Amino acid sequence: MIKHTRIPALLLFVALFFAACKDQDGPLPQPDPTLYERLGGVDAIALVVDKFLANVVADDAINARFAATVADPFRTQLLRNNLIDQICAGTGGPCQYKGKTMLEAHTGMNITDAEFNALVGDLVAALDFYNVPQQEQDELLAILGPMKSDIVGQ
Ligand code: HEM
């Protein structure tokens, strides 16, 4: 049997115990969202790719490179799907890129620095069009940038 004089101390202990437990409640820590999530997922990436391809087709600096692609709806669709998968997979999304390696795809084209920069400019214009923030743009370009050595001068 607990002595009456000890009851206040016991109550204080119980109160402190529950107060300490309550402090540990609250939201569980969430992992940082991936670039894929911050871009808005595959639907947002598809919108950017469509705008990007429209910019490329309107860009006299490089559109001749894509004349045969644009003339063939199947090829155009394949390039679109490959670009969406490539960006989706590269940014941490659930897609799988099933196209050629960048070296395989661009070997024999002898693409110049200026053409590479023109294409990147067309991509940045598409990202700007959809108000993609600078941080996400920088992260995406940092993923695509290292591909340059497999694309230019091959
Ligand atoms: C970071 C830059 C680039 C990326 C990420 C990229 C990505 C790709 C991808 C994913 C493909 C499809 C590969 C496949 O068919 O399996 C492709 C094909 C192609 N790329 Fe690039 N590319 C880049 C730069 C360039 C540049 C600068 C040019 C020319 C100015 C270019 C011209 C082409 C052409 C003509 C094709 C073939 C399209 C077709 O099959 O009809 N690419 N590229």
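The values are calculated or read from the model by the stated rules, or taken from the named source; none is laboratory data. Note that the structure is predicted; figures quoted are calculated from it, not measured. Glycine gets a Cβ as well: all are built from the backbone with ideal geometry, and neighbour counts include every protein chain shown. Protein only, heavy atoms only, side chains kept; ligands, DNA and RNA dropped before computing areas. Shrake-Rupley method; radii C 1.70, N 1.55, O 1.52, S 1.80 Å.
Here are the numbers for the structure shown:
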item: Subset of region 33-52 (residues that are closer than 23 Å to R75 by Cβ and crowded, with 20+ Cβ neighbours inside 10 Å); result: I45, V48, V49, F52
item: Output for region 78-130, where each listed residue is within 14 Å of the chain's Cα centre (by Cα), near the ligand (Cβ under 8 Å from one of its atoms) and open to solvent by 40 Å² or more (accessible area, probe 1.4 Å); result: Y97
item: Hits in region 54-64 (condition: within 26 Å of the chain's Cα centre (by Cα) and not in a loop (DSSP other than H, G, I, E, B)); result: A54, N55, V56, V57, N63
item: Contacts under 7 angstrom Cβ, first residue in region 107-134 being under 13 Å from I45 (Cα atoms), partner open to solvent by 70 Å² or more (accessible area, probe 1.4 Å), 6 or more apart; result: Y130/L47
item: Positions within region 92-123 being touching a Phe, Trp or Tyr at 6+ places or on another chain (Cβ under 9 Å) and within 19 Å of I151 (Cβ to Cβ), in sequence order; result: L119, D122, L123
item: Where R65 falls short, out of the listed (1) near the ligand (Cβ under 8 Å from one of its atoms); (2) of a type in the set (D, E, K, R); (3) open to solvent by less than 50 Å² (accessible area, probe 1.4 Å); result: (3)
item: Test for I151: is it under 23 Å from the mean Cα position of the chain (by Cα), among the β-branched types (V, I, T) and surrounded by 14 or more Cβ atoms within 10 Å (Cβ to Cβ); result: yes
